[in-house]
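Q: Would you mind keeping the following structure in view while I ask a few things?
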Amino acid sequence: MASSTRTRRTRSGLQWAALGAGALFLAAGALGFVPGATNNHHALEFAGPGSKATLLGIFQVSVLHNVLHGIFGLAGVLAFRAHRHARSFFVYGGVAYLALWLFGLVASDETPLNILPANDPDNILHLVLGLAMIVVAIVLSPHTPRPSPHKQHQGAS
């Protein structure tokens, strides 16, 4: 049996978290198209506040909203490839979800600005996801020790 010259790469906790989060976002995007998982599936619209479909009977969704969840999920799965990609996924994803939360506060349920659409439970979820993603990026990123500024140089007298 020939041995592989390829070295086995160890994945960080952050990479595994990105894979898991990506899978969850992919599932949420797909479930947004499934009758039963999505109430009022017949009222699913492409975008805008007119979509009366709700994922799990709680979160207002549209075709655009579901597709964006799928794309974001794919980004998480791809971020599994490298620690720096996983960190970027969580940091930028967290910032994006916090921006969506702020946007949801401005664009009320029935305004034309509410293109995704998002209701109050969506807005709360966006806040929680944004904060959680940033916390995950911080907690699961390795900290490299910095040299002490008072460290003496060897050989100097």
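The values are calculated or read from the model by the stated rules, or taken from the named source; none is laboratory data. All values reported here derive from a predicted model rather than from experimental measurement. So basically every Cβ, Gly included, is an ideal-geometry build from the backbone, and we count neighbours across all protein chains shown.
Q: Going by the structure shown, is SER88 among the small types (Gly, Ala, Ser), surrounded by 14 or more Cβ atoms within 10 Å (Cβ to Cβ), out of contact with any Phe, Trp or Tyr (no Cβ under 9 Å at 6 or more places or on another chain) and farther than 22 Å from ALA118 by Cα?
A: Answer is yes for this residue.
Q: Which residue, of GLY130, GLY76, is within 11 Å of GLY22 (Cβ to Cβ), of a type outside the set (Asp, Glu) and buried (at least 20 other Cβ atoms within 10 Å of the Cβ)?
A: Testing whether each residue is within 11 Å of GLY22 (Cβ to Cβ), of a type outside the set (Asp, Glu) and buried (at least 20 other Cβ atoms within 10 Å of the Cβ) leaves just GLY76.
Q: Any chance you could count how many residues in the range 79-109 are part of a helix (DSSP H, G or I) and over 30 Å from THR10 (Cβ atoms)?
A: The qualifying residues number 9.
Q: Sticking with this structure for a sec: From GLY50, GLY57, GLY70, grab the single residue that is of a type outside the set (D, E, K, R), more than 16 Å from LEU127 (Cα to Cα) and touching a strand residue (DSSP E or B) at 6+ places or on another chain (Cβ under 7 Å).
A: So the residue among GLY50, GLY57, GLY70 that is of a type outside the set (D, E, K, R), more than 16 Å from LEU127 (Cα to Cα) and touching a strand residue (DSSP E or B) at 6+ places or on another chain (Cβ under 7 Å) is GLY57.
Q: Just one of PRO121, PRO112, PRO142, PRO147 is surrounded by fewer than 21 Cβ atoms within 10 Å (Cβ to Cβ), in a helix (DSSP H, G or I), of a type outside the set (Ser, Thr, Tyr) and at pLDDT below 95; which is it?
A: PRO121
Q: For SER141, indicate whether it is out of contact with any Phe, Trp or Tyr (no Cβ under 8 Å at 6 or more places or on another chain), more than 18 Å from PHE33 (Cβ to Cβ) and of a type in the set (S, T, N, Q).
A: yes
Q: Would you point out the residue of the range 10-49, among those that are more than 18 Å from the chain's Cα centre (by Cα) and in contact (Cβ under 8 Å) with a residue 40 or more places away in the chain, that is nearest to ALA79 (Cα to Cα)?
A: ARG11
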